[in-house]
Amino acid sequence: KNQVEQSPQSLIILEGKNCTLQCNYTVSPFSNLRWYKQDTGRGPVSLTIMTFSENTKSNGRYTATLDADTKQSSLHITASQLSDSASYICVVNGNFNKFYFGSGTKLNVKP
Amino acid sequence: GAVVSQHPSRVICKSGTSVKIECRSLDFQATTMFWYRQFPKQSLMLMATSNEGSKATYEQGVEKDKFLINHASLTLSTLTVTSAHPEDSSFYICSARGVGPDRGYGYTFGSGTRLTVV
């Protein structure tokens, strides 16, 4: 069964600290994996996209990793800011426009 | 980058009326549009997929006669919630997939529409 599981479900960190969010998937075949940031009441915004051959991709303070062998991905946020408070969603693209969504990690950055 | 404009952002309607939500791709041609709904504290749930010029494909359990999807052009798709009921109150989000470099890998989301049926 094609699934995407994210952990932790929620996370509270202090401003300025780093954190890492996890995404494990069983989707096969695999096309690509995206991390999205979704602010409350807004549509998701793409942070990174990674294909099978890519191991690491950065976007500012966001760094995503992908291990296609173990089917694991992580999103590392460096020097967190209050504006990083949001839900982070891992989405795996299989074939033929099939997208599998994780349930998201809700991050709360506190001053 | 690719932008998808979704309107309205919020709408309140009376039970039994219909509501139309529009999604436009502003700087690319959206060959495929996806429509999602999202309940509070839950992830997005795909409702239907539509390709320009053809009928939408609905996910299991989604009533096609209640959620009318039109994708008549490469830049516009609409979702009409017909005879809305309070249980249809939700956050509706579209996403568009285009063609070309960087657009073939994934898709861009609209900003969402908060529908409240009273």
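The values are calculated or read from the model by the stated rules, or taken from the named source; none is laboratory data. Fair warning: this is a prediction, and the values are worked out from it, not measured in the lab. Methodologically, a virtual Cβ is constructed for each residue, glycine included, from the backbone with ideal geometry; neighbour enumeration extends over all protein chains shown. In case anyone asks, the SASA skips ligands and DNA or RNA and just uses the protein heavy atoms, side chains included. Shrake-Rupley method; radii C 1.70, N 1.55, O 1.52, S 1.80 Å.
Brief remarks on what is shown
- Summing both sides, the accessible surface hidden between A and B at a 1.4 Å probe radius is close to 1500 Å².
- Residues of segment B:1-89: accessible area per residue with a 1.4 Å probe, Å²: 55 Å²
- The dipole here belongs to chain B: it is taken about the Cα centre, uses +1 on the Cβ of Lys and Arg and -1 on the Cβ of Asp and Glu, and is about 200 debye.
- Split the accessible area of the protein assembly as shown by element, probe 1.4 Å, and carbon with sulfur accounts for 50%.
- Trypsin sites (Lys or Arg not before Pro), loop per DSSP, at most 12 other Cβ atoms within 10 Å - longest free stretch of chain A: A:18-111
- The accessible-area loss of segment B:10-47 on complex formation, taken against its chain alone with a 1.4 Å probe, reaches 30 Å² or more at B:F34, B:S43, B:L44.
- Segment A:36-111: C-alpha gyration tensor shape, a/c 1.5 cut-off, then a/b vs b/c: oblate
- Debye log10 I(q)/I(0) at q = 0.09, 0.13 Å⁻¹ for the protein assembly as shown, Cα point scatterers: -0.37, -0.77
- DSSP finds beta bridges in chain A, and of those with both partners inside it, around 90 percent are antiparallel.
- Solvent-accessible area lost in complex, 10 Å² minimum, residues of segment A:27-55 relative to chain alone, 1.4 Å: A:N32, A:R34, A:Y36, A:Q38, A:G41, A:R42, A:G43, A:P44, A:I49, A:T51
- In chain A, taking the dipole from charged Cβ atoms about the Cα centre, the farthest positive-side position among A:Q22, A:T105, A:L66 is held by A:T105.
- The amide H of B:L76, built 1.01 Å from its N in the peptide plane, has B:S25 as neighbours under 5 Å, considering only residues 5 or more places off or on other chains.
- Rounded to the nearest 20, the size of the Cβ-charge dipole of the protein assembly as shown about its Cα centre is 320 debye, with Lys and Arg at +1 and Asp and Glu at -1.
- Averaged over its residues, segment A:56-111 has an accessible area of 45 Å² per residue, based on protein heavy atoms and a 1.4 Å probe.
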